[in-house]
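All remarks here apply to the structure that follows.
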Amino acid sequence: MTHHTLFVCTLCRFSGTNQPQPESHGAGLSGGEQLFNQITAAVNECDWRERIQIQPVRCMGVCSRSCVVAFVAAEKLTFIFSGLSPQQSIPELMQFGRQYTHHPTGNVPYGERPAAMKRGLVAVLPPVPPG
């Protein structure tokens, strides 16, 4: 089974489109930290949790479009997404995560991707060659 990693930038600050709600949990945390906590909890409850590791990173260089994540696996495409809301993007991240981990090349067809993944796409990188 292919090992997958979901990198989550924990330094991401809230941008204009993903401001925290007044009742949101994690007051005092950055948007990236909140997203990391939310997606970690969601993945721990899903049936494909053995296929993916959630990894915090300190910066992914898309600071003007936070929050940012990347789905990565050996011999698969890498997807980088931005503009994600810790409060609203979890269901769509979970849907894409399931699709990505189950697709042999990671190339989830555009029409099947959740809306947040379509509008938040930053880059699709080719697989790293073996060896």
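Restrict the check to region 108-115 and report whether at least one residue is of a type in the set (Ser, Thr, Tyr) and in a helix (DSSP H, G or I). Looking through region 108-115, at least one residue is of a type in the set (Ser, Thr, Tyr) and in a helix (DSSP H, G or I).
Output the residue which, of all residues in region 82-105 that are touching a Cys at 6+ places or on another chain (Cβ under 8 Å) and of a type in the set (A, V, I, L, M), is nearest to residue 32 (Cα to Cα). This residue is 84. Looking at region 92-100, can you tell me whether even one residue there is surrounded by fewer than 19 Cβ atoms within 10 Å (Cβ to Cβ) and on the phi > 0 side of the Ramachandran plot? The answer is no; no qualifying residue exists.
Every condition in (1) crowded, with 18+ Cβ neighbours inside 10 Å; (2) at pLDDT 95 or above; (3) part of a loop (DSSP other than H, G, I, E, B) is met by residue 86 except one, and the failing one is (2).
Only one of the numbered conditions (1) touching a Gly at 6+ places or on another chain (Cβ under 6 Å); (2) not in a loop (DSSP other than H, G, I, E, B) is violated by residue 67, and that is (2). Can you tell me which residues in region 85-128 are in contact (Cβ under 8 Å) with a residue 12 or more places away in the chain, over 20 Å from residue 2 (Cβ atoms) and either touching a Lys or Arg at 6+ places or on another chain (Cβ under 9 Å) or hydroxyl-bearing (Ser, Thr, Tyr) (or both)? Across region 85-128, the qualifying residues are 85, 89, 92, 120, 121, 122.
When residue 54 is tested against (1) at pLDDT 95 or above; (2) among the aliphatic types (A, V, I, L, M); (3) outside any helix (DSSP H, G or I); (4) more than 16 Å from residue 43 (Cα to Cα), only condition (4) is not met.
Within this structure, residue 72 passes the test of being of a type outside the set (Phe, Trp, Tyr) and in contact (Cβ under 8 Å) with a residue 60 or more places away in the chain. Checked against (1) modelled with pLDDT under 95; (2) touching a Phe, Trp or Tyr at 6+ places or on another chain (Cβ under 8 Å); (3) of a type in the set (Ser, Thr, Tyr), residue 64 meets all criteria but (2).
The values are calculated or read from the model by the stated rules, or taken from the named source; none is laboratory data. Everything numeric here is computed off the predicted structure, so don't read it as measured data. A quick note on method: Cβ atoms are made from the backbone with ideal geometry, for glycine too, and the neighbour counts reach across all protein chains shown.
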